Amino acid sequence: MSKLKIYGVATNRTMRTIWLAKELGLDYELIETSSRDGSTKTPEYLAVNPNASVPAIQDGDLIIWESLAINHYLVNKHGGALAPKDDAEGGLALQWSFWAAGNVEMTALDILFNRMLLPEDERDAAVADGAEEKLAKPLAVLNGALADRDYLLGDRFTVADLNVAAIMSWVKMGRVDLSAHDNITAWLGRCLSRPAFVEARGG
Ligand SMILES: N[C@@H](CCC(=O)N[C@@H](CS)C(=O)NCC(=O)O)C(=O)O
């Protein structure tokens, strides 16, 4: 069986899949692919992911794109402590992944772009501040969910934590004020201090 191929670069959403692959101890090949050098738009890559975005994986004959779905596939395939142990955990893990993608990700990106990523003269502080206000509700939901537990599904780190924490790392990077959310701060600290995350980010 050929090695798992991960298309992307560690500085974008591909990091989520690299983080998981490292957590699972998978042997993989990172095929550097990025919109920055046009490699997401080659006919070869479009045959892998017609969205011209990363990450994508090829596992044998199977190709999957969408970072969070890739992570659910890999963890379900390889099992271990990060994998849901039954259907209930599987449902809850999906719930948290969809929740983070739908309620946090794009808002966090608005903040990140307008506070850090855009050239300074193109940043709009009002857009970033408005986005931060929009995050108040989902952050309260996440903080509440973590009130009586160390991790989203209970007492162990799972793919649900990995997917949500990867998105929440953008919130932290965007200097969103988390001072009213002690449970999130403690949980994010636990997740982002994991050696596999530190390694995936390049140390
Ligand atoms: N929902 C997709 C989003 C993929 C995505 O937008 N990836 C970015 C990198 S973080 C990308 O490849 N952008 C290139 C482009 O859209 O041209 C996922 O989670 O995988």
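The values are calculated or read from the model by the stated rules, or taken from the named source; none is laboratory data. This structure is a prediction, so every number in the text was calculated from the model and none was measured. Cβ atoms come from the backbone with ideal geometry, glycine included; neighbour counts cover every protein chain shown.
Among the residues of segment 1-18, just one is surrounded by fewer than 12 Cβ atoms within 10 Å (Cβ to Cβ) and either within 14 Å of the ligand (Cβ to nearest atom) or under 19 Å from Val198 (Cα atoms) (or both), namely Thr11.
For residues that are away from the ligand (no atom under 16 Å from the Cβ), hydrophobic (A, V, I, L, M, F, W, C) and farther than 19 Å from Phe98 by Cα, tally how many sit in segment 63-86. The total comes to 1.
Quick check on my filter: what residues within segment 93-107 are within 18 Å of Val176 (Cα to Cα) and more than 12 Å from the ligand (Cβ to nearest atom)? Within segment 93-107, Asn103, Val104, Thr107 qualify. Of note, Leu30 satisfies the criterion of being within 19 Å of the chain's Cα centre (by Cα), away from the ligand (no atom under 14 Å from the Cβ) and outside any helix (DSSP H, G or I). Could you please give the count of residues in segment 152-190 that are over 22 Å from Ala83 (Cβ atoms) and assigned to a helix (DSSP H, G or I)? So the count comes out to 10. Cβ-Cβ distances below 6 Å connect the following pairs, each with a first residue in segment 29-49 that is under 10 Å from Val9 (Cα atoms), a second residue that is within 11 Å of the ligand (Cβ to nearest atom) and not hydroxyl-bearing (Ser, Thr, Tyr), and a separation of six or more residues or different chains: Glu32/Val9; Thr33/Gly8; Thr33/Val54; Ser34/Val9.
Anything in segment 191-203 that is assigned to a helix (DSSP H, G or I) and under 21 Å from Glu66 (Cα atoms)? List them, or say none. Within segment 191-203, Ala196, Phe197, Ala200 meet the criteria.
Looking at Ala47, Ala52, Ala21, just one residue is surrounded by fewer than 16 Cβ atoms within 10 Å (Cβ to Cβ), assigned to a helix (DSSP H, G or I) and not assigned by TED's automatic domain parsing to the domain that holds Asp155, and that residue is Ala47.
State whether one or more residues within segment 79-90 are free of Cβ contacts under 8 Å to residues at least 12 places away in the same chain and in a helix (DSSP H, G or I). Looking for residues that are free of Cβ contacts under 8 Å to residues at least 12 places away in the same chain and in a helix (DSSP H, G or I), one finds at least one in segment 79-90, hence yes. None of Ala128, Ala140 is of a type in the set (A, V, I, L, M, F, W, C), out of contact with any helix residue (DSSP H, G or I) (no Cβ under 9 Å at 6 or more places or on another chain) and assigned by TED's automatic domain parsing to the domain that holds Leu178 except Ala140.
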